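K.L.:
Sharing a structure below in structure tokens format, with a few things to ask.
The values are calculated or read from the model by the stated rules, or taken from the named source; none is laboratory data. Since the model is a prediction, treat every value here as computed from it, not as a measurement. Note: ideal-geometry Cβ built from the backbone for every residue, glycine included; neighbour counts use all protein chains shown.
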Amino acid sequence: MTKPSNYSTITMVIYLIYSMSKWISTYSELWPSIRIPPIAVLLLRR
């Protein structure tokens, strides 16, 4: 039998993958207009 904790973990992983794919799609759409290298973004976050 499957435990409820395993079900919640699977749901969390699916949600994370869905949100990541959504963020990547929007980021790839905004990429040509922004033209900021990822290194600059990482440096600005520090």
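K.L.:
Return yes when Leu42 is at pLDDT below 80 and either surrounded by 10 or more Cβ atoms within 10 Å (Cβ to Cβ) or within 18 Å of the chain's Cα centre (by Cα) (or both) and no when it is not.
P.N.:
Yes: the conditions hold for Leu42.
K.L.:
Looking only at the stretch 14-39, count every residue that is more than 11 Å from the chain's Cα centre (by Cα) and modelled with pLDDT of 85 or more and tell me the total.
P.N.:
Adding up the residues that qualify gives 1.
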